[in-house]
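Undergrad: Please find one structure pasted underneath; my questions will follow.
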Amino acid sequence: MRRHGFRRWLPRRYHNEIRDPARELFLFRKRLWLAGWLMLLMFGALLCRFFYLQVIAHQQYQTQAENNRIAVVPVGPSRGMISDRHGAVLAQSFSAYTLELTPSRIGNLDATLTRLGELVEITPRDLRRFRRAMEESRNFDSLPLRTKLSDEEVARFAVHKYRFPGVDIRARLYRQYPFGETASHVLGYIGRLNDRDIERLTGSGNLLNYKGTDHIGKIGIELSYESALHGIVGFDEVEVDALGRAVRSLTRVPPIPGDHLQLTIDMGLQRLAEQALGTANGAVVAIDPNNGEILAMASMPGFDPNLFVEGIDVASWDRLNTSPDKPLLNRSLRGAYPPGSTVKPFLALAALTSGRRTAENAINDAGYFDLSIGAGKVHRFRDQKNSGHGRVDMHKSIVESCDTYYYILASEIDIDDTARFLSQFDFGQKTGIDLEGEAVGVLASRAWKRERFSGPRYREEHRRWYLGDSVSAGIGQGYNSFTPLQLAHATATLANDGVSFRPHLVKRIIDGTTGQAKELPPEEVRRLELKPAHLTTIKKAMIDVNREGTAARIFKGAPYTSAGKTGTAQVFSLRGEKYIESQIKSHLRDHAWFIVYAPAEKPTIAIAVLVENGGFGARAAAPVARALLDYYLTGKRVAPVPPVGADDSGDWEE
């Protein structure tokens, strides 16, 4: 301390002359040692980082580099074709050029749209459809602005393409329905993928298969067989530069086209069914009883599925969606109506099977049935024929459609027994047809009524089954409501002696790549335990319906033998008043029904016809069936198809 203090008092020029070499050497070595270790540590860290990047994370960063260099472009598959049983094309795909924009790559979208309009015609509908596609697209992929460009428009844009970054011409596949509205409810339509579709595809694990695809089946065959029709997506690996421009194609995994479907539908019969219904609202279902094949399935009015392919415009959608005629409703599949007297052959068969009636048991019909409702009061159920039918056995009850016979029968048979028997024909339940959205309808019973009126707004008397409910059900009124498909299916089962086949619309599936066809065999559902003698009784009566009964006028001169049953179903209660069609508003008039199968000796076709508010079944529905049978059994139209309800002369029954 003293020495250092002394040094402090020395002049500055003497400071360097007094040094401590040992200390300075120690400090130098210490600094050198620290610097060396610091350099070794830094080099070690650098080597570790190099090892991590080059060895441990090599694959990851190589993949990222490749992804920056290679773009994977999904290639949508060609959707499968749909044809009828004879090969007529009902739905097909074709390729066309489309003007597409990728909004995320465009700076001023409005300005770009304006400049594009100077080169290619862009309508207000195109703009609305494009804006809607932008709203529905989550990641702003390439979106179509104009579809089906002509070669001249493609060439015009190609010259000016450099002015439009983010705008491209692409080839896309489009769906076409050559027959327009014909069979529209059977075929359905395709539409753009929406959030619900994406959610459903995500849940089923199929979302990746829809990369590069904008459309999906919405209803009908297009929806029910979507997995077969769609195919499997392919992809192209394309090398791109720093600006994302394609340089060259590297590899290609081609898409696998969708399978083709050959339907059981006979397009000639289908078109005739729709023409025969004309402007009337209604439905026709024709089935081959021997295998369950649907030969025709018409619902009128229909719609043009081509409207939905590129996105339906607002005016067309409003017209379809708000029309009181409900053209989007598939009446044959989803419309449930009181069956009217078409249920009588099945009720008669139930009575024979249960032993409650024999074919010879007869009643005396005075034109009404009185039901005691207590306190000395009666409720009178009137027959359609005011004067009555006189002595009526089971045969005559079907031929002349005697209501009183079935009023009495229904009052003597428990409704639950009736429901159990009718359920064997798939009334009040799904038939299992290969179309989504089938309605169940109503097959009334005590349990059904108790469940139907189980809410707090109903009292116990609402839930109780009354004898009057059974009486109404005896003539196909009251709570029961069936679809045209159910009635056609039940008629086919009856025609086939109780052997029931599941109704189906697809006959075979044809591989879209190999062309190999896979037949879909008929599926037998059940064999009803019905006595041949009972079936003979019912069938003879139905044959005489068309020979001398309620449908005799329509089937006069037919070159084949058929078995049918007319039916008329009330839309609202008359409360005991007489039905006078001319005094009732058209939308409140009775529904017209007719069921038939032919040839009666060996049936090959069973038909159910419904005409909404058509009045008597013999007048409005039976002529439609006659026209279809003439065409299907003879190969030609034996008689012209009259407009529904055109013949208003004379007295009609049912």
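The values are calculated or read from the model by the stated rules, or taken from the named source; none is laboratory data. Note that the coordinates shown come from a computational prediction; the quantities given were computed from them, not determined experimentally. Note that we place each Cβ from the backbone using ideal geometry, even for glycine, and neighbour counts take in every protein chain shown. With ligands, DNA and RNA removed, areas are computed over all heavy atoms of the protein, side chains included. Shrake-Rupley method; radii C 1.70, N 1.55, O 1.52, S 1.80 Å.
Undergrad: For Gly180, state whether it is surrounded by 12 or more Cβ atoms within 10 Å (Cβ to Cβ), at pLDDT 85 or above and in contact with a helix residue (DSSP H, G or I) (Cβ under 6 Å, 6 or more places away or on another chain). Walk me through how you get there before you give the answer.
TA: Numbers: surrounded by 12 or more Cβ atoms within 10 Å (Cβ to Cβ): yes; at pLDDT 85 or above: yes; in contact with a helix residue (DSSP H, G or I) (Cβ under 6 Å, 6 or more places away or on another chain): no.
No.
Undergrad: Assess whether Ala447 counts as being more than 30 Å from Ala298 (Cα to Cα) and small (Gly, Ala, Ser).
TA: Yes, satisfied.
Undergrad: Would you please list the contacts, defined by Cβ atoms under 9 Å and residues six or more apart or on different chains, that run from a residue in region 180-196 that is of a type in the set (Asp, Glu) to a residue that is open to solvent by less than 30 Å² (accessible area, probe 1.4 Å) and outside any loop (DSSP other than H, G, I, E, B)?
TA: Close Cβ pairs (under 9 Å, with a partner that is open to solvent by less than 30 Å² (accessible area, probe 1.4 Å) and outside any loop (DSSP other than H, G, I, E, B)) amount to Glu181/Glu274.
Undergrad: Another question, then. Out of Arg464, Arg459, Arg452, Arg420, report the one residue that is in the same structural domain as Phe501 (by TED's automatic domain parsing), touching a Ser or Thr at 6+ places or on another chain (Cβ under 9 Å), surrounded by fewer than 15 Cβ atoms within 10 Å (Cβ to Cβ) and within 29 Å of Arg380 (Cα to Cα).
TA: Numbers: Arg464 fails: touching a Ser or Thr at 6+ places or on another chain (Cβ under 9 Å); Arg459 fails: touching a Ser or Thr at 6+ places or on another chain (Cβ under 9 Å); Arg452 fails: touching a Ser or Thr at 6+ places or on another chain (Cβ under 9 Å).
Going through Arg464, Arg459, Arg452, Arg420 in turn, just one is in the same structural domain as Phe501 (by TED's automatic domain parsing), touching a Ser or Thr at 6+ places or on another chain (Cβ under 9 Å), surrounded by fewer than 15 Cβ atoms within 10 Å (Cβ to Cβ) and within 29 Å of Arg380 (Cα to Cα): Arg420.
Undergrad: Looking at the structure I just gave you, is Glu400 farther than 15 Å from Leu467 by Cα and loosely packed, with under 14 Cβ neighbours inside 10 Å? Show your work before the answer.
TA: Values: farther than 15 Å from Leu467 by Cα: yes; loosely packed, with under 14 Cβ neighbours inside 10 Å: no.
Against the criterion (farther than 15 Å from Leu467 by Cα and loosely packed, with under 14 Cβ neighbours inside 10 Å), Glu400 does not qualify.
Undergrad: So which of Ser142, Ser204 ends up being modelled with pLDDT of 85 or more and not assigned by TED's automatic domain parsing to the domain that holds Leu435? Spell out how you get there, then give the answer.
TA: Values: Ser142 fails: modelled with pLDDT of 85 or more.
After applying the criteria, what remains is Ser204.
Undergrad: Please enumerate the residues belonging to region 478-537 that are under 26 Å from Val442 (Cβ atoms) and among the polar types (S, T, N, Q).
TA: If the condition is that a residue be under 26 Å from Val442 (Cβ atoms) and among the polar types (S, T, N, Q), then Asn480, Ser481, Thr483, Gln486, Thr491, Thr493, Asn496, Ser500 are the ones that fit.
Undergrad: Restricting attention to region 205-220, does a residue exist that is within 17 Å of Ile265 (Cβ to Cβ) and of a type in the set (Asp, Glu)?
TA: no
Undergrad: Since Ala558 meets every condition but one in (1) within 20 Å of Gly282 (Cα to Cα); (2) at pLDDT below 95; (3) more than 28 Å from the chain's Cα centre (by Cα), which condition does it not meet?
TA: (1)
Undergrad: Return the residues of region 154-177 that are open to solvent by less than 60 Å² (accessible area, probe 1.4 Å) and under 25 Å from Val120 (Cβ atoms); say none if nothing qualifies.
TA: Correct list: Val154, Ala155, Phe157, His160, Phe164, Gly166, Val167, Asp168, Ile169, Arg172, Tyr174, Arg175.
Undergrad: Next up: If the requirement is being over 35 Å from the mean Cα position of the chain (by Cα) and under 27 Å from Met300 (Cβ atoms), which of these qualifies: Ser401, Ser411?
TA: Values: Ser411 fails: under 27 Å from Met300 (Cβ atoms).
Going through Ser401, Ser411 in turn, the sole match is Ser401.
Undergrad: When the residues of region 74-103 are narrowed to those that are under 23 Å from Ser224 (Cα atoms) and open to solvent by less than 20 Å² (accessible area, probe 1.4 Å), which ends up modelled with the lowest pLDDT? Walk me through how you get there before you give the answer.
TA: The first filter runs over region 74-103 and keeps only residues under 23 Å from Ser224 (Cα atoms), leaving 76-94.
Of the ones still in play, those that are also open to solvent by less than 20 Å² (accessible area, probe 1.4 Å) are 77, 80, 82-84, 90-91.
On the way: Pro77: 90, Gly80: 94, Ile82: 97, Ser83: 96, Asp84: 95, Leu90: 96, Ala91: 95.
The qualifying residue modelled with the lowest pLDDT is Pro77.
Undergrad: A follow-up question, please. Of all residues being part of a helix (DSSP H, G or I) and charged (D, E, K, R) in region 437-449, which is surrounded by the most Cβ atoms within 10 Å (Cβ to Cβ)? Just the residue, please. Full working, then the answer.
TA: Looking only at region 437-449, we keep the residues that are part of a helix (DSSP H, G or I), and these are 446-449.
Add one more test, that the residue is charged (D, E, K, R), and what stays is 446, 449.
On the way: Arg446: 15, Lys449: 19.
Once the filter is applied, the top-ranked residue is Lys449.
Undergrad: So which pairs qualify, if the first residue must be in region 76-100 and more than 27 Å from Ile265 (Cα to Cα), the second must be part of a loop (DSSP other than H, G, I, E, B) and of a type outside the set (D, E, K, R), the Cβ gap must be under 8 Å, and the two must be at least 6 apart or on different chains?
TA: Cβ pairs passing all conditions: Gly76/Gly212; Gly76/Thr213; Gly76/Val233; Gly76/Pro255; Leu99/Val120; Glu100/Ser142.
Undergrad: Which of the residues spanning region 404-417 are crowded, with 19+ Cβ neighbours inside 10 Å and of a type in the set (Ser, Thr, Tyr)?
TA: Once the filter is applied, which keeps residues that are crowded, with 19+ Cβ neighbours inside 10 Å and of a type in the set (Ser, Thr, Tyr), region 404-417 yields Thr404, Tyr405, Tyr406, Tyr407.
Undergrad: Continuing with this model, one more query. Taking the options Thr604, Thr634, name whichever one is of a type in the set (S, T, N, Q), at pLDDT 95 or above and assigned by TED's automatic domain parsing to the domain that holds Ser401.
TA: On the way: Thr634 fails: at pLDDT 95 or above.
The conditions single out Thr604.
Undergrad: Right, another one. Could you run through region 224-254 and say how many residues are open to solvent by 30 Å² or more (accessible area, probe 1.4 Å), more than 14 Å from Gly212 (Cα to Cα) and at pLDDT 75 or above?
TA: Residues in region 224-254 being open to solvent by 30 Å² or more (accessible area, probe 1.4 Å), more than 14 Å from Gly212 (Cα to Cα) and at pLDDT 75 or above: 5 in total.
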